[in-house]
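Working notes, structure below.
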Amino acid sequence: MKLVICKDYDEASLKASEIVINQIKNKPNSVIGLATGSTPVGLYKKLIEGFKNGEISFKQVTTFNLDEYLGISHNHPESYHAFMRDNLFKDVDIQEKNIHIPSSDLKNAEKNALNYTKALQKVQVDIQLLGIGTNGHIGFNEPGSSFDNETFAIALTEQTRHDNLRFFNTIEEVPTHAVTMGIKTIYRSKKIILMATGLTKADAIYGMLKGPITPDLPASALRNHPDLVVIIDELAASKL
Ligand code: GLP
């Protein structure tokens, strides 16, 4: 594991973007696993800059998103489909056919999750980007999720719904369920970059790096991954 402690959010975004930009330069048809949430927004801005100044192209890049809410439309401004369009895809030359995001269709969630797993089993993800929840979740693998899961549907914990309330008007609007790549799927990625910034993530980072490896803190599953890069700021590192 490589631990990179940065001064602040901007430096963390820069460090993560350098790795992704180099990956795409060295292998233009890279497969990148993408994350949502507020954490990767700065990194996506830097990738857009890299595209605009001609350093990289997304023409041959394939992407697989980690997760999506269930039961909201793909056009809902807080759906991860909308997030990806607004924060990355609309500003780069990625081809629609190369974009994969789990469906938010609640009724067919199981069937769609299985198809997503099958699509992921056909590729090798070169880099998987991850944030972390305050309870140590990754994607939407909430505490207690088995390390053997591939893509699956899950009920969100109240803590995660409250953490994500800032993106919605009322708690009732925050979806109760989601679909996520499982830990087993995430672990298969060649390289994993996990980013976290701010004091609210300090306990989760401590648990991930220093606590027991346990489904109670899903991110701890990644600790023995052969190519894990953890990029955090001083606040998120403050309990280490
Ligand atoms: C959500 C997402 C996760 C993300 C987490 C942290 O629950 N499903 O993928 O890592 O939130 O979000 P943020 O980066 O906004 O703190």
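Data table
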quantity	calculated
Calculated Rg and Dmax of the chain using C-alpha coordinates, Å	16.5, 45
Alpha carbon centroid spacing (whole Å) that separates the range 97-124 from the range 158-216	20
Ordering of 2-15, 124-137 by burial proxy (mean other Cβ atoms within 10 Å per residue, highest first)	124-137, 2-15
Mean Kyte hydropathy of -0.5 or more with a Cα span along the axis of at least 15 Å, helices from DSSP in the chain	9-26, 41-52
Packing rank of 212-220, 72-80, where each peptide gets the mean count of other beta carbons within 10 Å, highest leading	212-220, 72-80
The chain: calculated mean residue ellipticity at 222 nm from DSSP helix runs of at least 4, using -39500 (n - 2.57)	-8500 deg cm²/dmol
Cα-derived Rg to Rh of the range 119-240, Kirkwood definition	0.96
The range 74-161: trypsin sites (Lys or Arg not before Pro) falling in loop per DSSP and having at most 11 other Cβ within 10 Å	LYS107, LYS122
Of all DSSP beta bridges in the range 2-211, antiparallel share, percent nearest 5	45
Distance-filtered residues of the range 63-95 - backbone nitrogen under 18 Å, label point 7 angstrom along GLU110 Cα→Cβ	70-71
Neighbour-count order for VAL174, VAL229, VAL61, VAL123, fewest beta carbons within 10 angstrom listed first	VAL123, VAL229, VAL174, VAL61
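FYI, it's all coordinate maths here, none of it is from the lab. Quick caveat, the model's predicted, so the values are computed rather than measured. So basically every Cβ, Gly included, is an ideal-geometry build from the backbone, and we count neighbours across all protein chains shown.
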